[in-house]
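Q: One structure follows; several queries about it will come next.
The values are calculated or read from the model by the stated rules, or taken from the named source; none is laboratory data. Owing to the predicted nature of the structure, the values given are computational and were not obtained by experimental measurement. Every residue, glycine among them, receives a Cβ derived from its backbone with ideal geometry; neighbour counts consider all protein chains shown. Side chains included, ligands, DNA and RNA excluded: accessible areas come from the protein's heavy atoms. Shrake-Rupley method; radii C 1.70, N 1.55, O 1.52, S 1.80 Å.
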Amino acid sequence: MTDEIAALLRRLGVQKGARHLRPAPPPPPARPSGPPPLDMLLPGGRLIEAAAGACFVVERVYPAHHRHGHDALADLLALAPDEGARYAIDPRLAGASFRDFLFLDTETTGLAGAGALAFMVGVAFFEPQPVVVDGQAEVRDVLVVRQLFLRDPGDEPVMLAYLDELLEGKAGLITFNGRSFDVPLLDNRYLLNRRLGRLPAMPHIDLLPPARRLYRARLGSCALGALEQSLLGLSRTQDDVPGWLIPSLYLNYLRSGDATELARVFYHNEMDMLSMVTLAGRIFRQLADSRCDDARDQVSLGRWQADLGLHELAEGTLREALEGDLPLEAYHQALYRLAALYKANGRRAEAVVAWQQIAYTSDGDVTAHVELAKHYEWQAGDPPAAREWTQRALALLERLPLTPNTRLARAELNHRLQRLERKVG
């Protein structure tokens, strides 16, 4: 190489030898092929292994003061399940504590039946755990949420055995529609796996029937999602998934091995259990106080109490409901039930007042008019007053469309009026 060429290369930055060369950067880490594993999607998950297979378990721990919607989880711990025995929810609840109950909710491959599989069983329970507060060790209640998941249907025996361990020592179950769905389905899975399950024999609080008794008249739908929005003050995030989609997401996971969408199912199941805790607290508080947050629910509670024969309690509940802001239909329902209680207890004068309140405010129902006509004809011995209430009922019917019911009512009232005219004459 000539001196001229060497000088030119130096001006261009070319140096002789390899001692000045920088090492090549390392190649980027190879991305793992295939879908992410479950433990990456769901931190806190672990495997419970046994000879028959393995069960994937995800655990979340909530402090008892955690608020879920309007209510705190700890609200339930201030109450006792005893009220459920009085309201015929389960007679074995007296003397128990909600600290000893297990909340249970399943996600399945379809409707209950021999082929339906519970691929996820969510459980929740309160337990004391040590915590450090201001440098001092204390024991406080927490809510533990555990979700048992089948990565493969063949692992079902391990999941059922682990569920049995969790049920041991528990005072009972709390579910939402579990008496009709979750418990029969799981019991069937135990039988198919040649095991005897504990579930059917345990004391059981199914929250759906009391929710219907208390809230259906006002809210219509008593699905858990509807109760969350209308009653509990909760709106789920976009992480949720509609229940009808859940079976297909699990089947897609079994075919592809991709659990990405299943994270939404875990969220859905976890929210269901937290909502069961706060819904149980709301229902049992209202049963214990004989007082609801809405006057329309108060009427429903009073009618429920009357159906159970709790007449004195029902009377106080219905009277309090009448002091609230009620639509006309609910106002009449409360008065009708109060009048029935008064009549059954021989307090006819008070029943007459209730019927009169209904009759003076009714624009399409003559039932109260008929009750008043019967009372004045047969009990008070006052045919003119009975005739007056019969005439008022006929005048009201004249303003209503002619239907088979109004035609029949008109015929009966005309027959009554003729009899009363003869008595008065």
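Q: Filter the range 218-228 down to the residues that are over 25 Å from residue 171 (Cβ atoms) and open to solvent by less than 20 Å² (accessible area, probe 1.4 Å) and list them by number.
A: Filtering the range 218-228 for residues over 25 Å from residue 171 (Cβ atoms) gives 218-223, 225-226, 228.
The answer is 222, 228.
Q: Right, something else. Just give me the residues in the range 250-280 being open to solvent by less than 10 Å² (accessible area, probe 1.4 Å) and closer than 13 Å to residue 124 by Cβ, in sequence order.
A: Just the residues of the range 250-280 that are open to solvent by less than 10 Å² (accessible area, probe 1.4 Å), to begin with: 250, 259, 262, 265-266, 269, 273-280.
269, 273, 274, 275, 276, 277, 278, 279, 280, listed by residue number.
Q: Filter the range 30-83 down to residues that are among the acidic types (Asp, Glu) and either outside any strand (DSSP E or B) or open to solvent by less than 80 Å² (accessible area, probe 1.4 Å) (or both) and give me whichever is nearest to residue 275 (Cα to Cα).
A: Just the residues of the range 30-83 that are among the acidic types (Asp, Glu), to begin with: 39, 49, 59, 71, 75, 82-83.
Filter once more, keeping what is either outside any strand (DSSP E or B) or open to solvent by less than 80 Å² (accessible area, probe 1.4 Å) (or both): 39, 59, 71, 75, 82-83.
Numbers: 39: 25, 59: 17, 71: 10, 75: 12, 82: 21, 83: 20 Å.
That would be 71.
Q: Which of the residues that make up the range 114-157 are touching a residue at least 12 places away in the same chain (Cβ under 8 Å) and part of a loop (DSSP other than H, G, I, E, B)?
A: Step one: list which residues in the range 114-157 are touching a residue at least 12 places away in the same chain (Cβ under 8 Å), which gives 114, 116-129, 140-157.
114, 116, 117, 150, 151, 152, listed by residue number.
Q: I would also like to ask the following. Would the range 52-74 turn up any residue that is over 28 Å from residue 142 (Cα atoms) and either at pLDDT below 90 or among the small types (Gly, Ala, Ser) (or both)? Full working, then the answer.
A: The initial filter retains those residues of the range 52-74 that are over 28 Å from residue 142 (Cα atoms), namely 52-53.
Filter once more, so that each one left must be either at pLDDT below 90 or among the small types (Gly, Ala, Ser) (or both): 52-53.
Scanning the range 52-74 turns up at least one residue that is over 28 Å from residue 142 (Cα atoms) and either at pLDDT below 90 or among the small types (Gly, Ala, Ser) (or both).
Q: Can you work out which of the residues in the range 86-97 that are open to solvent by 20 Å² or more (accessible area, probe 1.4 Å) and under 19 Å from the mean Cα position of the chain (by Cα) is nearest to residue 314 (Cα to Cα)? Can you show your working first?
A: Let us first name the residues in the range 86-97 that are open to solvent by 20 Å² or more (accessible area, probe 1.4 Å), namely 86, 88-89, 91-92, 94-97.
Filter once more, so that each one left must be under 19 Å from the mean Cα position of the chain (by Cα): 88-89.
On the way: 88: 15, 89: 17 Å.
If we take residues in the range 86-97 being open to solvent by 20 Å² or more (accessible area, probe 1.4 Å) and under 19 Å from the mean Cα position of the chain (by Cα), then 88 is nearest to residue 314 (Cα to Cα).
Q: Does the range 235-249 hold any residues that are open to solvent by 40 Å² or more (accessible area, probe 1.4 Å) and either in contact (Cβ under 8 Å) with a residue 60 or more places away in the chain or not aromatic (Phe, Trp, Tyr) (or both), and which are they? First the steps, then the outcome.
A: Filtering the range 235-249 down to residues open to solvent by 40 Å² or more (accessible area, probe 1.4 Å) leaves 235-239, 242-245, 248.
Matches in the range 235-249: 235, 236, 237, 238, 239, 242, 243, 245, 248.
Q: Moving to a separate point now. Given the criteria farther than 30 Å from residue 312 by Cα and among the β-branched types (Val, Ile, Thr), does residue 406 qualify? Talk me through it step by step, then tell me what you get.
A: Working: farther than 30 Å from residue 312 by Cα: yes; among the β-branched types (Val, Ile, Thr): yes.
The answer is yes for residue 406.
Q: Quick check, is residue 421 open to solvent by 40 Å² or more (accessible area, probe 1.4 Å), over 24 Å from residue 337 (Cα atoms) and either free of Cβ contacts under 8 Å to residues at least 60 places away in the same chain or in a loop (DSSP other than H, G, I, E, B) (or both)? Reasoning before the result, please.
A: Working: open to solvent by 40 Å² or more (accessible area, probe 1.4 Å): yes; over 24 Å from residue 337 (Cα atoms): yes; either free of Cβ contacts under 8 Å to residues at least 60 places away in the same chain or in a loop (DSSP other than H, G, I, E, B) (or both): yes.
So residue 421 passes the test.
Q: How about the range 187-217: which of its residues are open to solvent by less than 60 Å² (accessible area, probe 1.4 Å), assigned to a helix (DSSP H, G or I) and either among the aliphatic types (A, V, I, L, M) or under 25 Å from residue 75 (Cα atoms) (or both)? Steps first, answer last, please.
A: Within the range 187-217, the subset open to solvent by less than 60 Å² (accessible area, probe 1.4 Å) is 187-190, 193, 197, 199, 202-208, 210-211, 214-215.
Going one step further and asking which of them are assigned to a helix (DSSP H, G or I), we end up with 187-190, 199, 208, 210-211, 214-215.
Across the range 187-217, the qualifying residues are 199, 208, 210, 211, 214, 215.
Q: What are the residues in the range 238-293 that are closer than 17 Å to residue 211 by Cβ, of a type outside the set (A, V, I, L, M) and touching a strand residue (DSSP E or B) at 6+ places or on another chain (Cβ under 8 Å), if any?
A: 272, 275, 278, 281, 282
Q: Moving to a separate point now. Please tell me if residue 107 is open to solvent by 30 Å² or more (accessible area, probe 1.4 Å) and within 24 Å of residue 45 (Cβ to Cβ).
A: On the way: open to solvent by 30 Å² or more (accessible area, probe 1.4 Å): no; within 24 Å of residue 45 (Cβ to Cβ): yes.
No; evaluated as a whole, the condition is false for this residue.
Q: Please report, ordered by residue number, the helices (runs of 4 or more DSSP H) entirely within the range 327-413 with at least 3 residues that are surrounded by fewer than 17 Cβ atoms within 10 Å (Cβ to Cβ).
A: Details: elements: 328-344, 348-361, 367-374, 383-398.
In the range 327-413, 328-344, 348-361, 383-398 are the helices (runs of 4 or more DSSP H) which contain 3 or more residues that are surrounded by fewer than 17 Cβ atoms within 10 Å (Cβ to Cβ).
Q: Sort through 177, 188, 193 and tell me the only one that's touching a residue at least 24 places away in the same chain (Cβ under 8 Å), closer than 27 Å to residue 296 by Cβ and polar (S, T, N, Q).
A: Working: 188 fails: closer than 27 Å to residue 296 by Cβ; 193 fails: closer than 27 Å to residue 296 by Cβ.
Checking each option against the conditions leaves just 177.
Q: Suppose we filter 105, 82, 100 for residues that are within 19 Å of the chain's Cα centre (by Cα) and of a type in the set (D, E, K, R); which single one remains? It would help to see each step written out before you state the result.
A: On the way: 82 fails: within 19 Å of the chain's Cα centre (by Cα); 100 fails: within 19 Å of the chain's Cα centre (by Cα).
Only one candidate qualifies: 105.
Q: May I ask you to list the residues in the range 220-276 that are β-branched (Val, Ile, Thr) and part of a helix (DSSP H, G or I)?
A: Once the filter is applied, which keeps residues that are β-branched (Val, Ile, Thr) and part of a helix (DSSP H, G or I), the range 220-276 yields 246, 265.
Q: So which residues in the range 232-248 are closer than 17 Å to residue 262 by Cβ and of a type outside the set (Ser, Thr, Tyr), if there are any at all?
A: From the range 232-248, those closer than 17 Å to residue 262 by Cβ are 236-248; that's our starting set.
Scanning the range 232-248 gives 236, 238, 239, 240, 241, 242, 243, 244, 245, 246, 247.
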